[in-house]
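Working notes for the structure below.
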Amino acid sequence: MSSYKAPLEDLRFALFDVLDVEPLFSRLGFEDANRELVDAVLDEAARFTETVLAPLNGIGDQVGCTYDKATGDVTAPPGFKQAFDQYVESGWIGLTNTPEHGGQGMPSVLGGVLTELVDAANLAWGNFPMLSHGAVVALEEYGEEWQKDVFLKPLVAGTWTGTMCLTEPHCGTDLGLLKTRAELQADGSYSVTGTKIFITAGEHDLVPNIIHLVLAKLPDAPPGAKGISLFVVPKFKVARDGTVGDRNAVRCGAIEHKMGIHGSATCVMNFDGAEGYLVGEPHKGLQAMFVMMNSARLGVGVQGLGLSERAYQNALRYSRERLQSRSLSGPKCPDKPADPIIVHPDVRRMLLAQKALIEGGRLLSLHAYSQLDIAERSQDPAERERANTLLGFLTPISKGCLTEWSIENTYNAVQCFGGHGYIAEHGMEQLARDARITTLYEGTTGIQSLDLIGRKTAASQGAGLKLFLAEVEAFAKQHQDEAALAEFIAPLTAKCAEWGKLTIETLQRAATNPEELGAASTDYMFYSGYVVLAYWWARSVAAANASSRSQAFKDAKRDTARFYFARMLPRTLAHKAAIEAGAASLMALDADHFGD
Ligand SMILES: Cc1cc2nc3c(=O)[nH]c(=O)nc-3n(C[C@H](O)[C@H](O)[C@H](O)COP(=O)(O)OP(=O)(O)OC[C@H]3O[C@@H](n4cnc5c(N)ncnc54)[C@H](O)[C@@H]3O)c2cc1C
């Protein structure tokens with residue numbers, strides 16, 4: 001079994017030294033979220049995730065969820081329900097929800113921290129509460145008053161959970177293809193019929209009622225994505241006065257057997273004339289669903305981060321303990337039969353790559369969450385709009401990069417263990433298997449990349465990029481006279497100039513050939529992610545130097561930043577070359593000639 005300890009020191013550094021959240025929280029009206037309270041939240045979240053959730057991670061993988069064909073019931077792995085009850089009793093589930101609906105009204109930044117800890121400890125378990133949050137956000141923004149009254153309190157309290165039902169067998173990325181239908185009934189409700197697949201937490205035994213948010217089409221729907229509406233469909237019917245009634249006509253038809261997250265219920269959900277209610281306007285369901293997806297996308301990025309952190313902690317411990325061969329420059333532990341593998345440059349390469357991507361990635365993600373808080377709470381409309389634009393720009397980078405890096409990180413961690421990482425005993429292969437889903441659900445990496453280069457860059461004339469570059473410029477200016485930062489600021493500034501130029505050139509090519517955006521997209525997302533991390537590493541060094549932390553801490557940040565700039569930022573060169581190569585080499589080969 002792999003072990004897990006919440007990375008509290010780095011989290012505190014990120015929150016208080018780099019992002020300086022205390023004055024931000026106070027300015028945004030989060031009066032209670034002072035240093036003392038945030039420290040207490042971190043300590044308690046660490047205790048809960050380390051002692052309650054982490055020990056269930058292996059059991060969840062081995063036992064998985066079970067499905068009863070006769071009843072359609074799904075049972076979560078042993079211990080999951082008890083852990084969920086504790087989570088609910090402690091109020092974690094409503095940490096960031098508004099007090100109006102029973103939440104604790106804490107900043108989204110803290111929600112991001114909690115998500116990291118929960119998912120590092122037990123990603124499969126974390127999926128049960130996760131989608132409730134998205135359902136709450138969508139209902140808060142688009143639900144009718146009675147829907148808010150009836151559904152929000154139990155979802156925020158954790159006495160019910162939510163789902164997000166988009167995918168159908170023939171319809172994944174392209175939601176315009178969906179076939180689920182909804183017909184208006186005489187009493188104002190809708191009858192929803194269709195099959196949804198891969199529905200996370202679609203059926204389980206943690207709570208008595210499950211609230212499905214379902215995309216479906218009305219009979220008069222225009223074709224394609226423009227004709228999609230959103231419905232709320234409870235497992236047990238709920239009347240407008242909140243009375244819970246009979247079992248609704250929705251049933252789990254099967255659960256999937258899959259590569260990882262065995263403890264997460266991935267359900268086929270059959271809606272057979274189930275009673276539901278329209279959320280928001282007819283045919284405008286995608287708009288509402290996007291609210292849900294955006295919150296979930298940041299969360300899935302953090303899932304990747306959490307898994308990376310756990311894998312790294314174990315790889316680091318093992319690399320310090322495992323004795324194999326002598327250091328190339330002579331024995332480092334002559335009293336032992338061999339040196340620990342951490343002396344070998346190649347093992348250090350793998351460890352440092354993980355450390356650099358995790359600590360830098362943590363800031364990328366928490367910064368995005370801080371924009372969510374500003375977008376929701378600032379008194380200044382211009383600041384709100386700016387934060388919204390920046391958040392929109394950072395979300396696909398955060399989701400796309402943190403999840404792709406989680407595959408690299410967990411594989412590097414397995415590699416540090418050698419063959420012992422591949423066998424089940426140490427739990428490392430589970431982390432690698434679990435990480436694999438994060439690049440797929442909530443929009444694949446390809447779709448995040450298209451979102452970044454298309455909607456978030458081309459369609460807005462680079463509004464988000466400009467805001468981010470302005471932030472980097474202000475930082476560079478502020479620290480231009482600091483000798484200790486010169487080695488980072490000069491290459492960062494050059495990279496940012498290159499990023500702007502590369503963006504303009506790519507968009508210009510796309511103006512005459514629509515395939516160019518798609519051809520550049522994934523390389524553009526990685527390129528962007530690596531430059532964003534260069535900024536966070538430069539800022540980390542600045543913040544560490546300015547802090548009262550130990551010299552060892554400061555040295556570690558500086559040395560990791562040096563590694564990042566020397567050995568990881570150059571990955572942008574390959575991505576740039578691929579982007580500049582354009583679409584021609586991708587599109588030339590006839591689809592019939594890829595193979596027999
Ligand atoms: C464990 C698990 C849990 C899930 N949970 C949920 C859930 O709770 N609710 C829910 O609704 N769904 C859920 N999903 C579904 C998930 O969101 C989809 O699998 C995902 O969106 C991709 O859809 P797809 O599998 O149909 O792949 P497809 O859409 O068929 O895509 C296949 C490949 O083609 C690429 N592709 C497709 N279109 C384009 C394009 N236009 N440009 C470039 N590349 C493209 C994709 O990137 C991908 O690589 C879950 C899936 C899994 C496996």
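The values are calculated or read from the model by the stated rules, or taken from the named source; none is laboratory data. Owing to the predicted nature of the structure, the values given are computational and were not obtained by experimental measurement. All Cβ positions, even for glycine, are placed from backbone atoms using ideal geometry, and neighbour counts span all protein chains on display.
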In segment 153-161, is there at least one residue being closer than 26 Å to LEU123 by Cβ, aromatic (Phe, Trp, Tyr), assigned to a strand (DSSP E or B) and away from the ligand (no atom under 13 Å from the Cβ)? yes
Got a sec? Which strands (runs of 3 or more DSSP E) wholly within segment 244-297 have at least 1 residues that are without any contact (Cβ under 8 Å) to a residue 12 or more places away in the chain? 244-247
Selection from segment 216-243 of residues in a strand (DSSP E or B) and surrounded by fewer than 21 Cβ atoms within 10 Å (Cβ to Cβ) yields PHE236, LYS237
Residues within segment 442-476 that are part of a helix (DSSP H, G or I) and either within 13 Å of the ligand (Cβ to nearest atom) or small (Gly, Ala, Ser) (or both), tallied: 17
Residue match in segment 466-477 (condition: within 27 Å of the chain's Cα centre (by Cα), of a type in the set (Gly, Ala, Ser) and surrounded by fewer than 17 Cβ atoms within 10 Å (Cβ to Cβ)): yes
In segment 421-441, what residues are within 15 Å of the ligand (Cβ to nearest atom) and either surrounded by fewer than 20 Cβ atoms within 10 Å (Cβ to Cβ) or part of a loop (DSSP other than H, G, I, E, B) (or both)? ARG433, ARG436, LEU440, TYR441
Taking segment 388-420, which residues are in a loop (DSSP other than H, G, I, E, B) and on the phi < 0 side of the Ramachandran plot? PHE417
GLU404 passes all but one of (1) surrounded by fewer than 24 Cβ atoms within 10 Å (Cβ to Cβ); (2) away from the ligand (no atom under 16 Å from the Cβ); which number fails? (2)
Selection count where residues are of a type in the set (Ser, Thr, Tyr) and either in contact with a Ser or Thr (Cβ under 8 Å, 6 or more places away or on another chain) or over 17 Å from VAL279 (Cα atoms) (or both), scope segment 216-262: 1
Would you confirm whether or not segment 111-121 contains a residue that is crowded, with 23+ Cβ neighbours inside 10 Å, modelled with pLDDT under 95 and not β-branched (Val, Ile, Thr)? no
Name every residue in segment 415-441 that is touching a residue at least 40 places away in the same chain (Cβ under 8 Å) and aliphatic (A, V, I, L, M), in order of residue number. MET428, LEU431, ALA432, ALA435, ILE437
Number of positions in segment 61-93 that are at pLDDT below 95 and within 18 Å of ASN209 (Cβ to Cβ): 1
Run LEU213 past the list (1) within 15 Å of the ligand (Cβ to nearest atom); (2) more than 25 Å from TRP125 (Cβ to Cβ); (3) in a strand (DSSP E or B); (4) touching a Phe, Trp or Tyr at 6+ places or on another chain (Cβ under 8 Å) and report the number of the one that doesn't hold. (2)
Which numbered condition ARG322 fails, given (1) surrounded by fewer than 16 Cβ atoms within 10 Å (Cβ to Cβ); (2) among the basic types (Lys, Arg); (3) more than 15 Å from the ligand (Cβ to nearest atom): (1)
For the structure I just gave you, tell me whether ALA186 is of a type outside the set (Ser, Thr, Tyr) and within 13 Å of the ligand (Cβ to nearest atom). no
Would you check which residues across segment 464-491 are of a type in the set (A, V, I, L, M, F, W, C) and either farther than 19 Å from SER365 by Cα or at pLDDT below 95 (or both) and list them? ALA474, ALA476, ALA483, ALA484, LEU485, ALA486, PHE488, ILE489, ALA490
Given ASP373, ASP380, which one is more than 23 Å from ALA538 (Cβ to Cβ) and buried (at least 24 other Cβ atoms within 10 Å of the Cβ)? ASP373
Quick one: how many residues across segment 478-513 are free of Cβ contacts under 8 Å to residues at least 60 places away in the same chain, surrounded by fewer than 19 Cβ atoms within 10 Å (Cβ to Cβ) and touching a Ser or Thr at 6+ places or on another chain (Cβ under 9 Å)? 1
Does segment 191-202 hold any residues that are away from the ligand (no atom under 12 Å from the Cβ) and either over 23 Å from LEU278 (Cβ atoms) or surrounded by 24 or more Cβ atoms within 10 Å (Cβ to Cβ) (or both), and which are they? VAL192
From ARG317, ARG310, ARG349, grab the single residue that is surrounded by 16 or more Cβ atoms within 10 Å (Cβ to Cβ) and at pLDDT 95 or above. ARG310
Here is a list: ALA584, ALA566. Which entry is over 28 Å from the mean Cα position of the chain (by Cα), surrounded by fewer than 19 Cβ atoms within 10 Å (Cβ to Cβ) and of a type in the set (Gly, Ala, Ser)? ALA584
Elements of type helices (runs of 4 or more DSSP H) in segment 510-594, at least 3 residues being of a type outside the set (A, V, I, L, M, F, W, C) and closer than 21 Å to SER398 by Cα: 515-546, 571-581
Being more than 22 Å from the chain's Cα centre (by Cα) and among the hydroxyl-bearing types (Ser, Thr, Tyr) narrows it down to one of TYR67, TYR4, so name that one. TYR67
Would you mind telling me which numbered condition in (1) crowded, with 18+ Cβ neighbours inside 10 Å; (2) away from the ligand (no atom under 16 Å from the Cβ); (3) farther than 30 Å from GLY58 by Cα ARG251 fails? (3)
